[in-house]
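Taking it in order: structure first as structure tokens, then the write-up.
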């Protein structure tokens with residue numbers, strides 16, 4: 001059995017540059033891994049009877065995620081990753097994937113992508129395939145725009161649809177408070193709304209990169225942002241309320257992650273993060289689940 005952590009990601013910046021002819025969106029993002037993570041276990045799963053292959057997915061949930069719609073069939077990216085890797089390299093698909101979910105679904109935190117990336121990395125080892133990070137990256141792109149970053153982790157500038165990654169100085173001193181409201185959002189629907197509005201924002205992504213390289217949390221806080229807030233906040237005013245609430249309670253900066261609805265606040269350190277998380281949970285329980293998390297460095301594939 002092989003066990004791996006599958007860390008969530010935050011979008012410290014997300015700028016949408018336009019819709020591409022292939023239907024995807026050209027983006028410029030700064031992505032960050034955090035220590036809120038699913039657990040992925042991979043086990044050899046011998047076939048039964050005349051079976052040549054067998055893939056089994058078992059999902060458990062952290063308390064508080066019981067009602068979340070986490071697909072346990074072919075829609076699950078972890079299972080798709082196993083099938084893609086086996087098919088690409090002619091391996092008999094004999095694996096049991098055990099997912100213990102801690103990352104909320106449809107939250108803008110890349111939980112499904114993180115699971116898929118962990119499966120690619122883990123099965124490369126379990127099946128002794130010896131595939132390079134570049135080869136796994138090419139497969140990751142086929143699974144989803146966030147999967148390549150989840151393979152790499154750490155801190156990175158992402159361009160294209162998210163697949164062109166430039167590693168940045170690890171932002172391991174950063175801490176965040178996440179607020180996940182009691183509803184999910186569809187990435188596809190959020191981007192459709194953006195297309196309808198045609199909102200064009202130009203976040204100061206390059207300045208954020210500079211601030212991260214300088215290790216200046218206060219400046220990082222002033223520069224975090226998300227272009228999709230322009231279409232999401234009018235439809236879900238509570239998200240703007242959460243963002244403004246985090247800032248009022250002392251966050252250095254706040255923004256929505258991905259296509260939402262999770263909103264994060266950047267704080268100065270662990271003590272501040274835990275104190276702010278406790279304060280938000282006490283004052284505004286209706287806002288949803290609250291997490292204090294720290295930034296993670298990248299890891300080798």
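The table below lists the values:
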| read-out | value |
| --- | --- |
| Mean Cα-pair separation over length for the chain, i.e. relative contact order, pairs under 8 Å, 6 or more apart, % | 24 percent |
| Cα-based convex hull, the stretch 175-294, per residue volume (Å³, whole number) | 95 Å³ |
| Alpha carbon centroid spacing (whole Å) that separates the stretch 213-236 from the stretch 85-105 | 34 Å |
| Option label - Cα extents along the principal axes in Å computed here, alternatives (1) 48, 44, 38; (2) 52, 50, 36; (3) 62, 42, 37 | (3) |
| Degrees, to the nearest 10: 237-248 long Cα axis against longest axis of the chain | 70 degrees |
| Convex hull projection area averaged over all views, the stretch 101-234, Cα basis, nm² | 9.6 nm² |
| The chain - share of DSSP beta bridges that are antiparallel (%, nearest 5) | 85 percent |
| Ellipsoid equivalent to the stretch 1-72 - semi-axes via the Cα gyration tensor, in Å | 34, 20, 13 |
| Mean residue ellipticity (222 nm) of the chain, computed from DSSP H runs ≥ 4 via -39,500 (n - 2.57), nearest 500 | -10500 deg cm²/dmol |
| Potential lengthening between residue 282 and residue 195 on full extension [0.36 nm per residue; Cα-Cα distance subtracted] | 27.5 nm |
| Average Cα contact separation per residue, the stretch 2-167, under 8 Å, 6 or more apart, as relative contact order % | 30 percent |
| Label-point gap, in nm, between residue 3 and residue 188 - each point 7 angstrom along Cα→Cβ | 3.6 nm |
| 0 to 90° range, to nearest 10: angle between helix 77-89 axis and the chain longest Cα axis | 50 degrees |
| Theoretical FRET efficiency, 1/(1+(r/R0)^6), r = Cβ-Cβ of residue 55 and residue 128, R0 22 Å, to 0.05 | 0.75 |
| Where labels lie 7 Å past Cα in the beta-carbon direction, separation of residue 169 and residue 206 in nm | 1.8 nm |
| Difference of contour (0.36 nm per residue) and Cα-Cα distance, residue 17 to residue 92 | 22.9 nm |
| Per-selection Rg to Rh, the stretch 209-267 - Cα, Kirkwood hydrodynamic radius | 1.00 |
| Computed over the stretch 2-167, Kirkwood Rh from alpha-carbon pairs, angstrom | 16.3 Å |
| Folded to 0 to 90 degrees: helix 205-214 orientation relative to the chain principal axis, Cα | 90 degrees |
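Since every read-out is calculated from the coordinates, none of them should be taken as a lab result. All figures in this text were calculated on a predicted structure; none of them were measured in a lab. We place every Cβ from the backbone using ideal geometry, glycine too, and count neighbours over all the protein chains shown.
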